[in-house]
Amino acid sequence: MIPIRDANPSSQTPIVNYLVIVVCVMVFLYELALGRQVERLVFAYGLVPARYTRGDIAAHFSLAEQVFPFLSYMFLHGGWLHLIGNLWSLFIFGDNIESELGHFRYALFYVASGVAAGLIQLLTSPGATIPTIGASGAIAGVMGAYFILFPRARILTFVPIIFFFTLMEIPAYVFLGFWFLLQFFSGTFSLLGHSREVAGVAWWAHIGGFVGGIALLKLFKPQSRLPRLRRYR
């Protein structure tokens, strides 16, 4: 299922959301400009779990070099489809969360969700030498917050049905719930060794980001604006 748009206009200009999109695009263009040298950039600033779990590798990096990838990995992408898919989801879901949290809190929430996603990926793949890159973990946190705050918002979705394709309006809790279950089962199979062929997909970063976004929502949402459950209008 591919989201097209949500019928849930935001109440203010999502400045931080736009800024994140611009930065991700600029970083990706820089990656393209590097050509074959981009691999060095990805290994230096992507999140490589083995750098933290293997002492012989960790010894080659300073504390700052070990901490910074938890931020920088969110702005690197592996291709146009990776970039566009992530930023399109952020464009659809991020504006409403930024309106709810405010610009500054949203920026912190986004980064914290990405860090949570990175930590879960590190814990579930401790010996991996393949860099984890992409904004999907942080965006999953945004989607988790959307799942809680706007469960009944309508998401116009491109849905494949056998050999046919159609557009359907789906409640956010159905769309996001299905997305989360897909990540969970795919991540579980990857741990069991049944999906090594898709090892390049950071399923557990997605799961960690989504759950982290839900958990972080109470911390970052102003208490005066935190209803028991916001109703979509």
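Okay, here's what the table says:
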read-out: Hits in region 9-28 - residues which are under 20 Å from the mean Cα position of the chain (by Cα), farther than 16 Å from Gly134 by Cβ and of a type outside the set (S, T, N, Q); value: Pro14, Ile15, Val16, Tyr18, Leu19, Val22
read-out: Some residue of region 126-133 being at pLDDT below 95, part of a strand (DSSP E or B), within 25 Å of Glu31 (Cα to Cα) and not basic (Lys, Arg); value: yes
read-out: Given (1) aromatic (Phe, Trp, Tyr); (2) without any contact (Cβ under 8 Å) to a residue 24 or more places away in the chain; (3) surrounded by 20 or more Cβ atoms within 10 Å (Cβ to Cβ), index of the condition Tyr73 fails; value: (2)
read-out: Every residue from region 135-151 that is assigned to a helix (DSSP H, G or I) and either hydrophobic (A, V, I, L, M, F, W, C) or within 8 Å of the chain's Cα centre (by Cα) (or both); value: Ser136, Gly137, Ala138, Ile139, Ala140, Gly141, Val142, Met143, Ala145, Phe147, Ile148, Leu149
read-out: Criterion violated by Ser125 - all others in (1) polar (S, T, N, Q); (2) surrounded by 13 or more Cβ atoms within 10 Å (Cβ to Cβ); (3) touching a residue at least 60 places away in the same chain (Cβ under 8 Å); (4) touching a helix residue (DSSP H, G or I) at 6+ places or on another chain (Cβ under 6 Å) satisfied; value: (4)
read-out: Among (1) surrounded by fewer than 23 Cβ atoms within 10 Å (Cβ to Cβ); (2) assigned to a helix (DSSP H, G or I); (3) among the aromatic types (Phe, Trp, Tyr) - the single one Phe158 does not satisfy; value: (2)
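Each row is one residue, and each column tells you yes or no for (1) charged (D, E, K, R); (2) assigned to a loop (DSSP other than H, G, I, E, B); (3) at pLDDT below 80; (4) exposed (fewer than 12 other Cβ atoms within 10 Å of the Cβ).
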{"position": "Leu167", "(1), (2), (3), (4)": "no, no, no, yes"}
{"position": "Ile170", "(1), (2), (3), (4)": "no, no, no, no"}
{"position": "Leu176", "(1), (2), (3), (4)": "no, no, no, no"}
{"position": "Leu191", "(1), (2), (3), (4)": "no, no, yes, no"}
{"position": "His194", "(1), (2), (3), (4)": "no, yes, yes, yes"}
{"position": "Val201", "(1), (2), (3), (4)": "no, yes, yes, no"}
{"position": "Trp204", "(1), (2), (3), (4)": "no, no, no, no"}
{"position": "Gly208", "(1), (2), (3), (4)": "no, no, no, no"}
{"position": "Leu217", "(1), (2), (3), (4)": "no, no, no, no"}
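The values are calculated or read from the model by the stated rules, or taken from the named source; none is laboratory data. Keep in mind it's a predicted model, so treat the numbers as computed, not measured. Here the Cβ is made from the backbone with ideal geometry for all residues, glycine too, and neighbour counts use every protein chain on show.
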